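The values are calculated or read from the model by the stated rules, or taken from the named source; none is laboratory data. This is a predicted model, so every value here is computed, not measured. For neighbour counting, all protein chains shown are included, and Cβ atoms are generated from backbone atoms with ideal geometry for every residue, glycine included.
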């Protein structure tokens, strides 16, 4: 049986590049980095990050948001509000049991965990909030979104490290194809810019230590890259079967054609040096959408700005896509948002397909000779993109790839 066409009808973004799709798109397409020193990281080995500017949670989640929700949930609710409105859907009138929520998150409520642990150590058990658990557990991002918008279908959170957001969107695709629901609110959210998490990544040697110039620290595919810059944010997509979307007169931004996933089964944090798992995931996503490598016009790369990851991904793309697809990494602007990255980048890939313009890879001054692919740099490039791939790879060898079509 032929799989139904799945449409992206709504987009929502909250990133270091701005609150909302328009603000994020403008800064990402300008190639202007967002990394800057962050007060609550002062004194740590790495004291900069990509944080969401001027975010007011009560404005998006209600006046008690600061008391009842961790920041990762607040970011997701704000992005969901925009995505649902963009899709032209009314939560007051939709068929709630047929609306699902699937959101990826790698860490959960780390700021809540840190704060309440300090309370326990400094002031004793009575100072620990009764809301500690519902604020920190990762599944509450989907639970809170479902409650806020009255979505009563399947409610899931996926955790595949930095592939979590893409895994969530792939899971949403399967839910729609299997007719388990009619609408899926899907994407990712993460708020990991905390002293403990940043220190942990720094101790691993994963973060850039370009302390003298934070704005230039995230430089995917550049010869002088030395690690990623941690970021925070949320990306949410509304997915529907295209027949349903057309029937209600909805605008279709693009189509989600395929999803592929694989495991490297190789190392705790390092990718398989041959990239065999990543290659399988890309091929699986294309095959799922009835596509071939020769069809691919553009790749939104995982492109973390770490020496090994960028080299391996470029090697895979060079061998798999000899037709010369353009490549970009938007992490040069928004940083690496961990469990939200795959969803934010999926939304940016949808915009690339819709608007026919590829954003540049920020800070790419001298492309690594090992990266022998057509990386868009310096300025956005006009290009008709009929087929685009969004790559997401996570610790533990988790690979998730999405294929979008015009």
For the range 292-321, which residues satisfy the criterion of being farther than 21 Å from residue 235 by Cβ, touching a helix residue (DSSP H, G or I) at 6+ places or on another chain (Cβ under 8 Å) and in a loop (DSSP other than H, G, I, E, B)?
292, 296, 321
For the range 235-251, what are the residues that are surrounded by fewer than 16 Cβ atoms within 10 Å (Cβ to Cβ) and either assigned to a loop (DSSP other than H, G, I, E, B) or in contact with a helix residue (DSSP H, G or I) (Cβ under 7 Å, 6 or more places away or on another chain) (or both)?
248, 249, 251
The condition of being touching a residue at least 12 places away in the same chain (Cβ under 8 Å), surrounded by 24 or more Cβ atoms within 10 Å (Cβ to Cβ) and outside any strand (DSSP E or B) holds, among 225, 280, only for 225
Find all pairs meeting these conditions: Cβ atoms under 6 angstrom apart; at least six residues apart or on different chains; first residue within the range 173-200 and over 25 Å from residue 337 (Cα atoms); second residue at pLDDT below 95.
177/3
Expected single match for touching a strand residue (DSSP E or B) at 6+ places or on another chain (Cβ under 7 Å) and either at pLDDT 95 or above or not assigned by TED's automatic domain parsing to the domain that holds residue 346 (or both) among 137, 128, 183 is 183
Kindly provide the set of residues from the range 66-91 that are over 23 Å from the mean Cα position of the chain (by Cα) and assigned to a helix (DSSP H, G or I), ordered by number.
66, 67, 68
One residue is enough: does the range 155-172 have a residue meeting the conditions more than 21 Å from the chain's Cα centre (by Cα), surrounded by fewer than 20 Cβ atoms within 10 Å (Cβ to Cβ) and assigned by TED's automatic domain parsing to the domain that holds residue 228?
no
Take the conditions part of a loop (DSSP other than H, G, I, E, B), surrounded by 24 or more Cβ atoms within 10 Å (Cβ to Cβ) and touching a residue at least 60 places away in the same chain (Cβ under 8 Å) and apply them to residue 34. Does it pass?
yes
Condition first: in contact with a helix residue (DSSP H, G or I) (Cβ under 9 Å, 6 or more places away or on another chain) and surrounded by fewer than 20 Cβ atoms within 10 Å (Cβ to Cβ). Now tell me which residues in the range 256-271 satisfy that.
263, 265, 266, 269, 270
